[in-house]
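In what follows, a structure is listed as structure tokens, so that the remarks can point back to it.
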Amino acid sequence: MTFRIAQISDVHFGGENQAAVAAVAAYLAETKVDLVVLAGDHTVQGRPGEFAAARAWIETLPAPRVITPGNHDTPYNAIDRLISPFGRYERALAPTGLPYWAGPDAALVSINTARGIQPRANWSKGQISARQTREAIGLLAGRQAGAMAAVVCHHPLTEMLGGPMTGRVWGGEAAARAFIEAGVDLIL
């Protein structure tokens with residue numbers, strides 16, 4: 001089985017490299033991929049115009065597409081961030097629940113690891129709950145026999161040794177362990 005995934009993240013519309021986004025769109029128009037995964041930080045500050053630009057670009061990419069938010073996809077305004085951290089994202093791009101995509105060769109569930117606010121100083125760090133992990137595993141358990149199981153989220157669930165920055169995803173190591181034990185083949 002060959003199943004090709006194009007994973008794109010951290011485009012940051014509102015500060016995007018226009019030549020790079022044009023090149024990615026052109027490459028994907030010419031290259032056969034089975035699934036396009038957009039793994040968060042579609043905007044710089046979660047502004048409506050940034051979401052409009054992200055949506056316009058995403059709609060030029062081949063389908064099917066799976067999308068999940070990142071920490072930059074919440075408004076920087078504290079009140080909006082508190083009241084409706086993903087309202088703009090959901091209106092412009094996709095639901096933040098557990099979007100699920102399945103085909104005969106693969107199944108993928110998207111998990112929102114970003115949070116509007118958190119009880120720690122650096123709100124850019126991610127979180128994954130035990131409930132999100134259980135629900136994702138449950139969705140993937142219903143995939144076709146022999147199909148690859150994949151999970152996509154914005155934040156790395158475990159630390160990259162020697163990496164330039166830390167992920168420190170609350171619940172990340174437990175989730176990664178649970179996904180491995182459940183037979184998940186790929187975590188993006």
Apart from one, (1) without any contact (Cβ under 8 Å) to a residue 24 or more places away in the chain; (2) more than 13 Å from the chain's Cα centre (by Cα) all hold for GLY97; the odd one out is (2)
Restricting region 101-123 to residues that are in contact with a Cys (Cβ under 8 Å, 6 or more places away or on another chain) and more than 19 Å from ARG55 (Cα to Cα), the one surrounded by the most Cβ atoms within 10 Å (Cβ to Cβ) turns out to be THR113
Within region 128-176, the residues that are of a type in the set (Gly, Ala, Ser) and closer than 27 Å to ASP105 by Cβ are ALA136, GLY138, ALA141, GLY142, ALA145, GLY146, ALA147, ALA149, ALA150, ALA175, ALA176
Being open to solvent by 20 Å² or more (accessible area, probe 1.4 Å) and assigned to a loop (DSSP other than H, G, I, E, B) narrows ARG168, ARG177 down to just ARG168
Expected single match for farther than 16 Å from VAL169 by Cα, touching a Phe, Trp or Tyr at 6+ places or on another chain (Cβ under 8 Å) and open to solvent by less than 40 Å² (accessible area, probe 1.4 Å) among LEU139, LEU98, LEU93 is LEU93
(Q) When you check ARG65 against the structure, is it within 30 Å of ARG131 (Cα to Cα), open to solvent by 40 Å² or more (accessible area, probe 1.4 Å) and touching a helix residue (DSSP H, G or I) at 6+ places or on another chain (Cβ under 8 Å), yes or no? (A) yes
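The values are calculated or read from the model by the stated rules, or taken from the named source; none is laboratory data. Since the structure is predicted, the reported quantities are computational estimates derived from the model, not experimental observations. Cβ: placed from backbone, ideal geometry, glycine included. Neighbour counts: every protein chain shown. Quick note on the areas: whole protein, heavy atoms, side chains included, nothing else; ligands and nucleic acids left out. Shrake-Rupley method; radii C 1.70, N 1.55, O 1.52, S 1.80 Å.
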